[in-house]
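The values are calculated or read from the model by the stated rules, or taken from the named source; none is laboratory data. Since we're looking at a predicted model, the values are computed, not measured. Heads up, the Cβs are rebuilt from the backbone with ideal geometry, glycines too, and the neighbour counts pull from every protein chain shown.
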């Protein structure tokens, strides 16, 4: 629960959503209600607040307080399972950004049933998670974050889950892992190490440095990845 202080996490989220928000926003709709499960310090709700009425779920008290401050949204300070006050048919959009890989597969029947229950007719879940091809190797990812991540999706997992639990996939966007790993947004985001933060800030200023690292990462990502 004490991964990093809320202020550091918030500014890292700012950089993260500089990279990902345009894609999320394209599917978020122009009006209605949104639930952000695992909202962290509230950056996504803050960005969506100009057009959507937001509710967030965040079990960490310090992060939940920061989320309330920046987004003005109602933040439920609990896990998704414990948030029993959420009414069925309440939300046009449910955000599930980098959350599903932390939920045991044994909970999927309840999870996807609950998502269906909370959506309004015609509503949608916007879900982001990692996907791996059958040829992925141990060293293709710098840090698998085990046991924080309890499972990993394959390239066809989302299609399987949608069919199994009664969802239709409207859009499936796939982005190469190296594009994230060596994006300027990730390298500008502060982590826990001051020395690494200084190194990252310096490297971002070097022309073509990240492009070169991205090129070198093909087949050997672990040897060149720095952020943490």
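Please work out if residue 12 is assigned to a helix (DSSP H, G or I) and out of contact with any helix residue (DSSP H, G or I) (no Cβ under 8 Å at 6 or more places or on another chain). Yes. Can you spot a residue in the stretch 124-131 that is out of contact with any strand residue (DSSP E or B) (no Cβ under 7 Å at 6 or more places or on another chain), more than 30 Å from residue 31 (Cβ to Cβ) and in the same structural domain as residue 51 (by TED's automatic domain parsing)? Within the stretch 124-131 (the criterion being out of contact with any strand residue (DSSP E or B) (no Cβ under 7 Å at 6 or more places or on another chain), more than 30 Å from residue 31 (Cβ to Cβ) and in the same structural domain as residue 51 (by TED's automatic domain parsing)), the answer is no, since none of the residues qualifies.
For the structure I just gave you, tell me whether residue 185 is assigned by TED's automatic domain parsing to the domain that holds residue 12 and at pLDDT below 75.
Against the criterion (assigned by TED's automatic domain parsing to the domain that holds residue 12 and at pLDDT below 75), residue 185 does not qualify.
The single condition among (1) surrounded by fewer than 14 Cβ atoms within 10 Å (Cβ to Cβ); (2) modelled with pLDDT of 95 or more; (3) under 26 Å from residue 153 (Cα atoms) that residue 93 does not satisfy is (1).
I'd like to know if the stretch 87-96 contains one or more residues that are in a helix (DSSP H, G or I) and either without any contact (Cβ under 8 Å) to a residue 24 or more places away in the chain or within 18 Å of the chain's Cα centre (by Cα) (or both).
no
Among residues of the stretch 54-83 that are assigned by TED's automatic domain parsing to the domain that holds residue 43 and more than 11 Å from residue 39 (Cβ to Cβ), those with a beta-carbon under 7 Å from a residue that is buried (at least 18 other Cβ atoms within 10 Å of the Cβ) and at pLDDT below 95 at least six positions away or on a different chain give the pairs 62/6. For residue 135, the criteria (1) closer than 26 Å to residue 6 by Cα; (2) loosely packed, with under 15 Cβ neighbours inside 10 Å hold in every case but one, which is (1). It is to be established whether one or more residues within the stretch 147-166 are at pLDDT 70 or above, under 20 Å from residue 12 (Cα atoms) and surrounded by fewer than 11 Cβ atoms within 10 Å (Cβ to Cβ). So far as the stretch 147-166 goes, yes, one or more of its residues are at pLDDT 70 or above, under 20 Å from residue 12 (Cα atoms) and surrounded by fewer than 11 Cβ atoms within 10 Å (Cβ to Cβ). Checked against (1) crowded, with 16+ Cβ neighbours inside 10 Å; (2) in a helix (DSSP H, G or I), residue 106 meets all criteria but (1).
For every residue, the table says whether it meets (1) crowded, with 23+ Cβ neighbours inside 10 Å; (2) outside any strand (DSSP E or B).
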{"residue": "19", "(1), (2)": "no, yes"}
{"residue": "23", "(1), (2)": "no, yes"}
{"residue": "28", "(1), (2)": "no, yes"}
{"residue": "35", "(1), (2)": "yes, no"}
{"residue": "59", "(1), (2)": "no, yes"}
{"residue": "63", "(1), (2)": "yes, yes"}
{"residue": "78", "(1), (2)": "no, yes"}
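Quick grid of which residues meet (1) modelled with pLDDT under 70; (2) part of a loop (DSSP other than H, G, I, E, B):
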position: 127; (1), (2): no, no
position: 170; (1), (2): no, yes
position: 202; (1), (2): no, no
position: 222; (1), (2): yes, no
